Every structure is written in structure tokens, then in C-alpha cells.
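Computed from the coordinates by the stated procedures, all read-outs in this text should not be read as laboratory data. Fair warning: this is a prediction, and the values are worked out from it, not measured in the lab. FYI the Cβ positions are ideal-geometry reconstructions off the backbone, even for glycines, and counts take in every protein chain you see.
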Amino acid sequence: MSRFSGFYKKTRQERIDILNQERMLQAKTVEILRKNQNLPENIAGKMAENHLGTFCLPFSVVPEFLLDGQEYSLPMVTEEPSVVAACSFGAKIIGRSGGFTSDIQNRLMIGQVALYNVAEPQVAQKNIEHETATILSLANQAHPSIVKRGGGARTLRTEIKDQFLIVYLSVDVKEAMGANILNTMLEGIKDYLEEISRGKALMAILSNYASESLVTARCRITISSLATSAALAQETAEKIALASQLAQIDTYRATTHNKGIFNGIDGLVVATGNDWRAVEAGAHAYAARDGHYRGLSTWTIDREELLGQMTLPMPIATVGGSIGLNPKVQAAFDILGQPKARTLASLIVAVGLCQNFAALRALVTTGIQAGHMKLQAKSLAILAGATESEADIIAQQLRKEQHTNLETAKQLLATLRGN
Ligand code: NDP
């Protein structure tokens, strides 16, 4: 039996102990978790302007997550009840069918210099393309340390769009997300581009549409594992496939379908100190790549199996930005087993697919409210002013009520206290 079985019923300290034994955590990580260390004041004040303090969210873990034959524990930061439970449930079912697999087509970040007032755009375009080697070399000279790390500017292409001549630069940023690296390089080539195009540079900036950092995650779930009866399992699989088709054609559903995917993705992206705005922006652009906003994942039936698949741009880092500054982020990387950026990117796409599976399964069977409100009830009890011991009682009572809202929680608390 897994050491993680019944993990959700353990105390916080017991969970840390199990995680420590199973994932061989560093002593520093155990200390951070035991003492619940967060971002120190003095560091927070250097990270953002006008700072008044720090802001906390629950830091949780999905204990067993199988990707490419290896088991991981995934740290998740989320304020939304039921996300971690649903993900753990999805990971368990998919794990029984062999877990997730992933592949990465490329890992380059793209930046752009937008030129305008170019007198002869076609001539300028030819001049720039002719000077590709010089431009790549200038970009690398602007950020020599990334070249020493084995990365650097790789390719350049140009496009004329209305009054703009746009130069796109692709860079291997190794373990970084690369925004600052790219921006430095782009500013390094801007003057030369103005000179040879005889135009003006409007801006030189990274693009968050990381279309050369695509990551695919897949899973094959044995349909019979979806329910205790074969007929219900088949029906569930068919309904999940139908739900996937609905998300391809209806924007209202696609948006919610993708929000559910980001319940998982953002949890892991935030826990690892990465830029979730960058990940979100890139993925939503990718969801609309053919001009129609669609669900990011697809689910199809292949004989006895339900196949899930999702491809996303994943501009993720294991170094740089604020990653080294937050003790919880350091703990998150240790819990993950200190992955390289490629593995982390794969885990993030796979967790999105996992979360999507759990949501769709609930939606087409019991509906999501049953599970969601169970956990929401506890938050409502606390919001109503219940102490920790009162919260469990109020949450239980709330679940029997017709209206699970704050008002009902307050009334139940007043009754419990004899007011
Ligand atoms: P950094 O500016 O922190 O650069 C990463 C640094 O990490 C590199 O310069 C490098 O330093 C160091 N490093 C150490 N080991 C490695 C390694 N193995 N591979 C690569 N680099 C290594 O971060 P990024 O350039 O990645 O930019 C990300 C930050 O920029 C995020 O905080 C993001 O929020 C922010 N940002 C985002 C924008 C956007 O998304 N549009 C725009 C502007 C900023 P060394 O010099 O020693 O090589």
C-alpha cells in the first residue's frame, strides 16, 4: 500500500513527515514547511514597490503524480477549495492506467522588434535577412552569459504586417523564462535594425506567445477504471469525449473548460515562483490560434481507452525572476525533486490535463457542486467566524442545508453557540 494512502486525513505535521520520507527532502525544506516560513519582509520590500506586507495563500501538495514513468509530488498554491482534491483524484485514476507522457518540440523564447516608417519594407526585409548572422551575433554580444551557458540567439525571421516590419528573434534561454534576457538582446539589435531598414523601432520586447516552447501531455485511461459498472464507465467516457467536442465549438464552454485546466496549471506555476500571467497569456493566444477560441485539451475514445491530449506554450523557468527569493518556492522545487525546466514544463501541462479530466468527469456524472460545496462549506464556516473546532461541525450542518451560503453559516454558528 502507498505511504500516501489516506494522506488527506493526516495532520499537517504528519503530511510533512511522510513527504520527507518519500521524497527525501533537504533539512532546509523540512524546516521551511514545519515552521511555515514565508517571504521575509525585507525581501518582499525589494521585490515590489510601495509594499505594505506579504500576502499568503494555501500551499498544498498532490502527493502521487505519474509522468513519463516517474512519480512526483506536486506543490500547488490555490485559494480555491476542491482543486487539490480533484487533481489528486484525477492523478490516482490516471496513474492506475500508466500516468501521463509528455514531449517537448522545442524550447525557444521569441521576442520582436516592431519597425515603422520604413520607406521600402520589402527592400528592408531583404537587407535584414541578408544580415541575419550579424544580427544574431549582436544579440549574443548583448547577453554573453547566456551564450556561456550553452544558450543564445538561434534564428531570426521577418514579416510585413500593415505599416510594420516586424523582426522576430528566437533565443535558447536554457533554464530561464527569458523575458529580461530577450529584452536585453532586442534592445541590443534595435539600433542596427533601424540603420539597415532605414526605419524607426516602435518597441523591442519579448512576446508571451511562446509558440516555439510547445509542450504536449497525453494520457490513456482504461475506460473500465472510470466506474464500478462497465456500462456506467463507458457512458462516462463517451460523455467526457462529448464535453471535449463541446469545448471545441462553443466559446462559453471553451472558456470554462480552459479555466478548469488553469486551476491545476496556475497552482503549480505559482508554487514554483513562475510568471503565471505569461503562461496564461500564451496559452489563451494558443487556444485561439486558428481564429476561434477553443478548449485546449481533447478527449477521444480509442477502443477500451479514453485518450486525453493537450499542447500548450510553456515558458517556464527553474532560475531567475523571483524564484530564488521565496522560501516556499525553494521548498516547492525540492518537493518536485529539483526538475529541469523541460520536466517542470511537462509536469505543468500534465497537471492541467489531469485537472481537466477530474472536472469533466465530475461534470458529466455527479455535477461539480456536490464535491465543490463540501469543501466550500468549510470556508464559509470560517468566514462566518467559526473557530477551527466549530468549523467542522458547521460545515457538516451546512451540507444538509438547502442554501449553503454565508448567511446560513452565521445562523448555524449562532445556534451552535446558543445565541
Ligand atoms: P532574469 O532576469 O532573472 O534572468 C535569468 C538569469 O538567471 C540569467 O540572466 C542568468 O544569469 C541566470 N541563470 C543562472 N543559471 C541559469 C541557467 N541554467 N539558464 C539560464 N539562466 C541562468 O529572468 P528572465 O530573463 O528569465 O526573466 C524573467 C522575469 O522577467 C520574470 O520575473 C518575469 O515576470 C519578468 N518579465 C516578464 C515580462 C513578460 O512576460 N512580458 C516582461 C518583463 C519582465 P547570468 O547572467 O549569470 O547568466
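Taken over the alpha carbons of the chain as equal point scatterers, the Debye sum produces base-10 log I(q)/I(0) values at 0.07, 0.12, 0.13, 0.14 Å⁻¹ of -0.41, -1.07, -1.19, -1.30. Working from label points 7 Å from Cα in the Cα-to-Cβ sense, the E195 to Q245 distance is 6.0 nm. Protection proxy ranking of 323-330, 261-268, 16-23, 340-347, by the mean of other Cβ atoms within 10 Å over each peptide's residues and highest first, is 261-268, 340-347, 323-330, 16-23. Take every pair of alpha-carbon atoms less than 8 Å apart whose residues are at least six positions apart; their mean separation over the length of region 140-237 yields a relative contact order of 17 percent. Only one residue of G352, I223, I393 has its Cα farthest out toward the positive end of the dipole of the chain, where Lys and Arg carry +1 and Asp and Glu -1 on Cβ, and that residue is I393. Each residue of region 44-52 was assigned a 3J(HN,Hα) from its phi angle through the Karplus expression (A = 6.51, B = -1.76, C = 1.60, θ = phi - 60°), giving 4, x, 8, 7, 9, 7, 6, 6, 10 Hz with x at Gly and Pro. Pairs exceeding 22 Å between alpha-carbon atoms, taken from K190/K340; K148/K174; K9/K239; K46/K190: K190/K340; K9/K239; K46/K190. Computed from the C-beta positions of E280 and N117, the FRET efficiency with R₀ = 30 Å rounds to 0.35.
Sequence-ordered 3J(HN,Hα) estimates for region 169-185 from the Karplus curve with 6.51, -1.76 and 1.60 and θ = phi - 60° stand at 10, 10, 10, 7, 9, 6, 8, 8, 6, x, 4, 5, 4, 4, 4, 5, 5 Hz, glycine and proline given as x. Look at the dipole of region 202-356 built from charges on Cβ: of H284, Q248, A271, the Cα furthest out on the positive end belongs to A271. The mean sequence distance of close C-alpha pairs (under 8 Å, at least 6 residues apart), as a share of the length of region 371-416, puts its relative contact order at 42 percent. Between L115 and L165, I166, V167, L202, the built amide H atoms are under 5 Å apart, and every one of these is 5 or more places off in sequence or on another chain. The modelled label-to-label distance between E49 and V319, using points 7 Å beyond Cα along the C-beta direction, is 2.9 nm. Spin-label model, H292 to K28: label points 7 Å out along the Cα-to-beta-carbon direction sit 5.1 nm apart.
Can you give me the C-alpha center-to-center distance between region 48-98 and region 305-359, rounded to a whole angstrom? Comparing the Cα centres of region 48-98 and region 305-359, I get a distance of 10 Å. Restricting region 228-326 to GluC sites (Glu not before Pro) that sit in a DSSP loop and have at most 15 other Cβ atoms within 10 Å of their own Cβ leaves E304.
Dividing the Cα radius of gyration of region 371-416 by its Kirkwood radius returns 0.90 for Rg/Rh.
3J(HN,Hα) along region 283-293, derived from phi through the Karplus expression 6.51 cos²θ - 1.76 cosθ + 1.60 where θ = phi - 60°, amounts to 5, 5, 5, 5, 5, 10, 5, 9, x, 10, 6 Hz, with x in place of Gly and Pro.
A Förster radius of 22 Å combined with the Cβ-Cβ distance from T222 to T365 puts the calculated FRET efficiency at roughly 0.80.
Between R154 and S170, V171, D172, the built amide H atoms are under 5 Å apart, and every one of these is 5 or more places off in sequence or on another chain. Taking every DSSP helix (H) stretch of at least 4 residues in the chain, weighting each as -39,500 (n - 2.57) and dividing the sum by the residue count yields a mean residue ellipticity at 222 nm of -16000 deg cm²/dmol.
Projected onto their three principal axes, the Cα atoms of region 243-294 cover extents of 34, 21, 12 Å, largest first.
For region 190-347, the relative contact order comes to 30 percent (Cα pairs under 8 Å, sequence separation of at least 6).
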